[in-house]
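Novice: Sharing a structure, written as structure tokens. Questions coming.
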Amino acid sequence: MKFINFLAILLFLTSCSTSQNYHSVDNRINSKESQKKPYVLLISIDGYRWDYTEKYKPKFLTKFKETGSSVKSLRPSYPTKTFPNHLSLATGRYPVNHGIIGNSFYAPTMREEYSLRNREAVTDSRFYLAKPIWVLAEEQNLLAATYFWPGSEAKIDGSLPSYYLTYNHNTPHEDRINTVIEWYKLPEEKRPHLTTLYFSDVDSAGHKYGPNSKEVKNAIIKVDQSIEKLNTELSKLNLPINIIIVSDHGMANVDSDKFELIASEELKEEIKLSYKVIGKGPIVHFYVNDNPQTNTISLLERINKNASNFKCYDNKSTPKKLNFRDSERIGDFVCLANKGWSIGLSKGHLPKGNHGWSQYEGMEMHSILYAKGPNFKESFQANTINNIDIYPMIAKLLDLKIDHKIDGTIKYSKELLK
Ligand code: AMP
Ligand code: ZN
Ligand code: ZN
């Protein structure tokens, strides 16, 4: 009896250690044609500012950038936040067109709030309005895998990636890397040709300690070493893998004195009666409720009359170059802080570093694009490009047809390709 117990425990333990830690969609295989295509590994280092490589000199990334293809900087889309930009990278569309217009927002037609911290929301396909590159791949019989990416846990246009994970902020780098290597060791039929990987460390350190801190430097070194390790292991497999390293936005130092209240106490009470308010820091959204007591136009005039370091707009009149208007999800009006300023209806805690401001006011919000592999030019640098232009470049690398509307163009990003 004891021996049987022992056997049962042993069996259980073996099944645990071999059980996969990711979700996989059954019955998918690469078509014969797809199997001949190269591989793309898209790595995102959240909050890695465009000049961090020169500033902090990480060993692997410095060499990767110098010997591969890169751009001077990657211009993010507005607002320069994590979810809007990861979706712009993945869909080639501006946030107003892919639907994820903020890390948190309200969708009036659905009568639902979206937030990156709400599992029910991030997995709800109704929020996502554009086709991610992994869905484009799956539709054309090319397998895709995501080791974390905003939007990858929702069925979009009816598809999930063949392999994906439930987001866990604390997953060690080692687990992330090992799983990606495991995917590249799958038999050809099951091996993903498009894979994403994500690291949050640099962004987290940037918020907590500011972009000029030793903590940011340490986070960069940690990510640098992990990517180097991954690269070393992948090189041993002799597969035609193109590695693309991007970030979603930059990071600016926050001065705690640069905070401005959007409204006086009295006006704040009036606003609260008529609007749902979402956001603080660089951008705040106001959604009129079912029983408004206030006229939005006159309220806007009253707020803007006293505003020194921000401006509020109705959602049709935001600056044109931001491509951030005409979406009900922006709110009936929205307030945009000037560079480096934080705004809100109350002050609360301010981080040491932040992002979310316009990508056209200086370069602090700019991010990176470095790429290396059989299909990329060597030791080549192009000028700044927009992050919506990466989607058509990846589609070209994987020979995927795009027959729907996107906002990006391949005109500039194709310069990086051989
Ligand atoms: P923020 O700096 O506020 O724009 O957002 C960064 C945070 O987004 C990170 O610290 C992550 O914890 C979180 N995040 C990144 N990717 C995901 C994801 N796929 N699901 C949920 N949260 C995520
Ligand atoms: Zn981010
Ligand atoms: Zn951040």
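The values are calculated or read from the model by the stated rules, or taken from the named source; none is laboratory data. If you're wondering where the values come from, they're calculated on a predicted model, not measured in any experiment. Reconstructed Cβ throughout: ideal geometry from the backbone, glycine too, with neighbour counts over all protein chains shown.
Novice: Filter the stretch 211-232 for residues that are out of contact with any Pro (no Cβ under 7 Å at 6 or more places or on another chain) and under 18 Å from TYR198 (Cβ atoms) and give the result. Give the steps one after another, and end with the answer.
Specialist: Residues of the stretch 211-232 that are out of contact with any Pro (no Cβ under 7 Å at 6 or more places or on another chain), as a first pass: 211-219, 222-223, 225-232.
VAL216, ALA219, LYS222, VAL223, GLN225, SER226, ILE227, GLU228, LYS229, LEU230, ASN231, listed by residue number.
Novice: Confirm whether GLY210 is touching a Lys or Arg at 6+ places or on another chain (Cβ under 6 Å) and touching a residue at least 40 places away in the same chain (Cβ under 8 Å).
Specialist: On the way: touching a Lys or Arg at 6+ places or on another chain (Cβ under 6 Å): yes; touching a residue at least 40 places away in the same chain (Cβ under 8 Å): yes.
So GLY210 fits the description; yes.
Novice: Out of (1) under 25 Å from ASN309 (Cα atoms); (2) away from ligand 3 (no atom under 16 Å from the Cβ); (3) at pLDDT 95 or above, what's the single condition that is false for SER256?
Specialist: So SER256 meets the others, but not (3).
Novice: Tell me, please, whether a residue that is of a type in the set (D, E, K, R) and touching a Phe, Trp or Tyr at 6+ places or on another chain (Cβ under 6 Å) can be found in the stretch 161-179.
Specialist: First, the residues of the stretch 161-179 that are of a type in the set (D, E, K, R): 174-176.
Subsequent filtering for residues that are touching a Phe, Trp or Tyr at 6+ places or on another chain (Cβ under 6 Å) retains 176.
Yes, the conditions are met somewhere in the stretch 161-179.
Novice: Pairs only if they're at least six apart or on different chains, beta carbon under 6 angstrom, first in the stretch 136-158 and in the same structural domain as GLU189 (by TED's automatic domain parsing), second assigned to a loop (DSSP other than H, G, I, E, B) and aromatic (Phe, Trp, Tyr); list them, first residue then second.
Specialist: Every condition considered, the pairs that remain are PHE148/TYR167; GLY151/TYR128; ALA154/TYR128; ILE156/TYR128.
Novice: With assigned by TED's automatic domain parsing to the domain that holds ILE241, among the hydroxyl-bearing types (Ser, Thr, Tyr) and crowded, with 23+ Cβ neighbours inside 10 Å as the only criterion, which of SER204, SER162 stands out?
Specialist: Numbers: SER204 fails: crowded, with 23+ Cβ neighbours inside 10 Å.
After applying the criteria, what remains is SER162.
Novice: Further question: Restricting to the stretch 119-141, name every residue that is part of a loop (DSSP other than H, G, I, E, B) and surrounded by fewer than 24 Cβ atoms within 10 Å (Cβ to Cβ). So that I can check it myself, show each step before the final result.
Specialist: We begin by selecting, within the stretch 119-141, every residue part of a loop (DSSP other than H, G, I, E, B); these are 123-124, 128-132, 140-141.
Residues satisfying the conditions are THR123, ASP124, TYR128, LEU129, LYS131, GLN140, ASN141.
Novice: Every residue in the stretch 340-376 that is hydrophobic (A, V, I, L, M, F, W, C), assigned to a strand (DSSP E or B) and over 17 Å from PHE310 (Cα atoms), please. Show your work before the answer.
Specialist: Of all residues in the stretch 340-376, those hydrophobic (A, V, I, L, M, F, W, C) come to 341, 343, 345, 350, 357, 363, 365, 368-369, 371, 376.
Checking the rest, the ones that are also assigned to a strand (DSSP E or B) come to 343, 369, 371, 376.
If the condition is that a residue be hydrophobic (A, V, I, L, M, F, W, C), assigned to a strand (DSSP E or B) and over 17 Å from PHE310 (Cα atoms), then LEU369, ALA371, PHE376 are the ones that fit.
Novice: Take THR123 and tell me if it is more than 12 Å from ligand 1 (Cβ to nearest atom) and farther than 17 Å from PRO79 by Cα.
Specialist: Details: more than 12 Å from ligand 1 (Cβ to nearest atom): no; farther than 17 Å from PRO79 by Cα: yes.
Against the criterion (more than 12 Å from ligand 1 (Cβ to nearest atom) and farther than 17 Å from PRO79 by Cα), THR123 does not qualify.
Novice: Here's a follow-up. If we keep just the residues of the stretch 403-417 that are surrounded by fewer than 19 Cβ atoms within 10 Å (Cβ to Cβ) and in a loop (DSSP other than H, G, I, E, B), which is farthest from the chain's Cα centre (by Cα)?
Specialist: Within the stretch 403-417, the match that is farthest from the chain's Cα centre (by Cα) is ASP403.
Novice: Failed condition for VAL284, given (1) assigned to a strand (DSSP E or B); (2) of a type outside the set (S, T, N, Q); (3) within 30 Å of TYR391 (Cα to Cα); (4) touching a helix residue (DSSP H, G or I) at 6+ places or on another chain (Cβ under 8 Å), with all others met?
Specialist: Single failed check for VAL284: (4).
Novice: If you take the residues of the stretch 148-159 that are surrounded by 24 or more Cβ atoms within 10 Å (Cβ to Cβ) and of a type in the set (Gly, Ala, Ser), which of them is farthest from ligand 2 (Cβ to nearest atom)?
Specialist: Going through the qualifying residues, I end up with SER152.
Novice: Can you tell me which residue within the stretch 97-118, out of those that are in a loop (DSSP other than H, G, I, E, B) and in contact (Cβ under 8 Å) with a residue 24 or more places away in the chain, is farthest from SER327 (Cα to Cα)?
Specialist: If we filter the stretch 97-118 for residues that are in a loop (DSSP other than H, G, I, E, B), which is where we start, we get 99-103, 108-111, 116-118.
When the remaining residues are screened for being in contact (Cβ under 8 Å) with a residue 24 or more places away in the chain, the result is 99-102, 108-109, 116.
Details: GLY99: 8, ILE100: 11, ILE101: 9, GLY102: 12, PRO108: 10, THR109: 11, LEU116: 19 Å.
Checked the stretch 97-118; the qualifying residue farthest from SER327 (Cα to Cα) is LEU116.
Novice: Let me ask something additional. Look through ILE221, ILE244 and report the one residue that is away from ligand 3 (no atom under 13 Å from the Cβ) and under 27 Å from ALA90 (Cβ atoms). Show your work before the answer.
Specialist: Working: ILE221 fails: under 27 Å from ALA90 (Cβ atoms).
ILE244 is the lone residue from the list that is away from ligand 3 (no atom under 13 Å from the Cβ) and under 27 Å from ALA90 (Cβ atoms).
Novice: OK, next. Among the residues of the stretch 149-168 satisfying the criterion of being of a type in the set (Gly, Ala, Ser) and under 15 Å from the mean Cα position of the chain (by Cα), which is farthest from ligand 1 (Cβ to nearest atom)? Please lay out each step first, then the result.
Specialist: First, the residues of the stretch 149-168 that are of a type in the set (Gly, Ala, Ser): 151-152, 154, 158-159, 162.
Keeping just the survivors that are under 15 Å from the mean Cα position of the chain (by Cα) gives 151-152, 154.
Working: GLY151: 8, SER152: 7, ALA154: 10 Å.
Result: ALA154.
Novice: Being part of a loop (DSSP other than H, G, I, E, B) and within 35 Å of the chain's Cα centre (by Cα) is the filter here, so list the residues in the stretch 293-307 that pass it. Please lay out each step first, then the result.
Specialist: Filtering the stretch 293-307 down to residues part of a loop (DSSP other than H, G, I, E, B) leaves 293-295, 307.
Listed by number, the list holds a single entry, ALA307.
Novice: Identify, by number, the condition in (1) more than 30 Å from SER70 (Cβ to Cβ); (2) within 16 Å of ligand 3 (Cβ to nearest atom); (3) not small (Gly, Ala, Ser) that PRO282 doesn't meet.
Specialist: Exception for PRO282: condition (1).
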